[in-house]
Every structure is written in C-alpha cells, then in structure tokens.
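Every number in this text was worked out from the coordinates using simple rules, so none of it is lab data. Keep in mind it's a predicted model, so treat the numbers as computed, not measured. Counting neighbours? That spans all protein chains shown, and the Cβs are built from the backbone with ideal geometry, glycine included.
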Amino acid sequence: MSRNDPATTPKRPGPSGKVPAAGPPRGGTLSAADREAIEAVLRGDIERYAELVNRYRQTAWKLAYSLIGNFEDARELSQNSFVKAYRHLRRFRKQAAFSTWLYRIVLNECRDFFRRKARQPEMFSLSKLDDEETSVFEPADPGSTPRDAAENRALAAMLTKLIRQLPKQQQTAFVLHQVHGFSLEETARVMGCRAGTVKAHLFRAMEKLRLALTPVLEKTREEH
Amino acid sequence: MRAELWDSWLRSWLTQHRVREIPASSCSGYTQEVMARIRHPAHAPALVRFRLPEWQAAFTVGAALACALLVLLVNRPPAPLTTHIEQERLILADAGKPQKLNTSELVEQLRETDQFILAKTIEDVAAEDLLNELKQLDEERFTPS
C-alpha cells in the first residue's frame with residue numbers, strides 16, 4: 001500500500017474548514033459499492049469483506065492512532081473493529097454509511113483500551129514512552145532551519161499532549177472534526193450524539209487548547 | 001490570542017501538519033490478518049435477536065405490574081356488611097346510645113344484602129341476567145294487553 005494512496009488518505013479540512021472531496025466514501029448514506037460488498041458477505045461470500053477492509057483500514061487505523069498515540073496498539077484495535085463489524089454485520093441497518101458504523105466501533109474499542117489501561121497501567125509500560133513523548137502529527141514541511149524544525153516538533157508534541165489531556169468526549173470531537181476533517185453531522189453520527197453537542201464539545205476543547213497554547217505561541221512570536 | 005485568530009491559526013497549522021502516515025512495513029498483512037480472523041468459525045456473523053433496550057424492558061414490566069395491581073384493586077369484592085356490626089355497635093356505645101340491637105335479625109338482613117352485593121361483584125354476568133329478567137317482567141306486567 002502506498003503511503004499517500006488517494007483512495008485511503010483521510011480527508012482534512014482546508015483553511016476554510018471545508019472538507020475536500022477526495023478520499024474514501026464517508027457520506028451519510030451507504031455507498032453502492034459498500035452495499036454490494038456487504039450483501040455478498042451476508043450471502044456467504046466472506047472474501048468480499050476484504051474490499052471493505054482495504055477501503056477503510058487506513059482511516060480506521062489513523063483514527064485509532066490519533067486517539068491512543070501508538071501505531072501497534074492502533075493497528076490491533078482497528079483490526080478488532082473490523083472483526084467486530086463483521087460479526088455484527090447483520091445488525092448493520094444499511095441506513096447510514098458503513099464507515100460511520102465502523103468508526104463508531106473504533107471509538108468504542110479505543111474507549112475500552114483506555115479503560116483497560118487505567119486498570120492495568122503496568123501492562124502498557126513499554127508503550128508509555130511512545131505515548132507520552134511523540135507527536136501524532138508530522139509537518140508537511142519540516143521547517144527551513146533546524147531551529148524552525150525543532151520548534152515545530154515541540155509544538156506538535158505539546159498539542160498532542162494537550163489533546164490527550166482533554167476529556168474523552170472533547171478529545172474525540174476534536175480529533176474527528178479538526179484533525180480528520182469529519183463534518184459536524186458526521187462527527188455527531190460517529191459519536192452517537194447531536195451536532196449541537198459536538199459543537200459544544202469542540203468549543204470547550206478549542207478554548208482549553210487556546211488558553212494552554214497562547215503563552216507558548218506568544219513567546220515564540222517574540223523570539224522571532 | 002483572540003479566539004478568531006486562534007481558530008484560523010489552528011486550522012492553518014493542522015493543514016500543514018498531518019497525522020503521521022502509517023509505516024508501510026506495518027501495513028503488510030493487515031487485511032490478510034483480518035480475513036484470517038473472520039474465516040475462523042468462532043467469528044461467524046452473529047444472528048440478530050430481538051431485544052428491548054433495558055429501560056424499555058423495565059418500563060414494560062413495571063407498566064404490566066401496575067395494570068395487574070389496578071385490576072385487582074378495582075375488582076376486589078367489598079368486605080361483607082356483617083363485619084361492620086361490631087364497629088357500629090362500638091360507635092353507638094361511644095355516643096352513649098342504648099345498645100339494644102337485635103343483632104341476630106340485623107346479621108340475617110345484612111347477610112342477604114351481602115349475598116346480593118357479592119354475587120353482583122363476583123358474577124357480574126349473572127347479576128346482569130337477573131336485572132334483565134326483572135326488566136322484562138316489568139315490561140310484560142305494564143304492557144297493555
């Protein structure tokens with residue numbers, strides 16, 4: 001799989017906040033291709049499920065990664081989500097997009113992961129360093145000077161840490177909408193709440209991040 | 001930093017900073033691993049069972065119990081009138097009234113009334129039949145020949 005496969009790269013909001021049209025289908029309704037694959041799987045042709053896995057694995061994996069911050073755990077969680085989606089495929093009502101349903105399962109898997117982690121912190125000590133020190137973001141342009149690059153990395157690590165410290169609902173809303181470019185309605189469908197609730201979570205998350213990052217950004221500006 | 005400035009700064013920053021791409025080495029075998037797991041019989045699609053959500057189930061059971069209780073309370077036969085004799089006697093005694101009550105005759109009268117009332121409550125159909133018959137009798141008696 002190529003790193004920048006346009007069929008699997010998630011959409012992100014542009015500066016205007018609009019979501020670009022490219023990427024895997026992520027609308028509010030079930031796409032014809034997904035419907036066909038799902039019906040074939042339910043008729044017993046389980047090999048067709050690979051189509052769905054190939055179509056959504058990148059976004060499911062990256063969604064889990066941006067919430068938990070570890071590639072290997074995110075890989076396992078997203079795979080578990082695909083297996084769970086397959087097991088409960090008969091319950092899928094085909095009224096919403098398969099991706100919406102799948103990402104909701106991914107969120108539930110991540111929630112369970114955090115619960116397990118809270119109960120048994122020693123089990124995850126190996127990935128703790130990875131979780132806390134690295135950023136889930138990488139710059140498109142690393143920076144013209146080493147100083148710029150270092151500042152970029154520090155800011156990305158700080159933002160990652162601050163996002164992870166947000167309450168879970170605010171964190172999820174922020175990651176889905178601001179980081180992965182889901183629309184408000186889609187974020188609401190994935191989170192299982194109303195768009196107004198998502199807006200409230202986003203507002204609180206943005207305020208917390210603004211208050212925490214403003215001194216850092218002002219200091220950086222003064223130094224320049 | 002003002003909220004509007006912050007908003008535009010963050011959007012622009014997120015446009016320039018993507019979530020890390022998954023290393024190509026980690027991607028190999030992803031789909032095959034999922035497919036191997038779903039081919040296992042233990043992961044076969046589960047059958048859909050109709051199940052009420054918990055709160056709906058609790059509400060339904062509660063409503064059914066309340067209805068049953070209401071029906072029992074409404075249809076409960078009244079206490080026989082003969083049980084009131086002692087109470088009445090005590091009330092009269094408290095009020096200083098003479099207690100010369102012919103209780104045996106009273107008991108007999110009340111028992112007859114009880115029989116009628118209880119029969120009406122327990123066997124509504126029979127009582128209705130009786131009333132219908134009486135009505136019919138009246139009509140026959142007063143119908144000019």
Ranked A:Phe98, B:Phe116, criterion: other C-beta atoms within 10 Å, fewest first: B:Phe116, A:Phe98
Cβ-defined net charge surrounding A:Val53, 13 Å radius [Lys, Arg +1; Asp, Glu -1]: +3
Protection-proxy order for peptides B:84-91, B:17-24, each taking the mean of Cβ atoms within 10 Å per residue, highest first: B:17-24, B:84-91
Net charge of Cβ neighbours under 11 Å - reference B:Trp6; Lys, Arg +1; Asp, Glu -1: 0
Under 5 Å, built H, 5+ apart or other chain: amide partners of A:Phe137: B:Arg20
Net charge, A:Ile38 excluded, C-beta distance under 12 Å - Lys, Arg +1, Asp, Glu -1: +3
For the range B:1-62: rounded, prolate or oblate by the Cα gyration tensor [a/c cutoff 1.5]: oblate
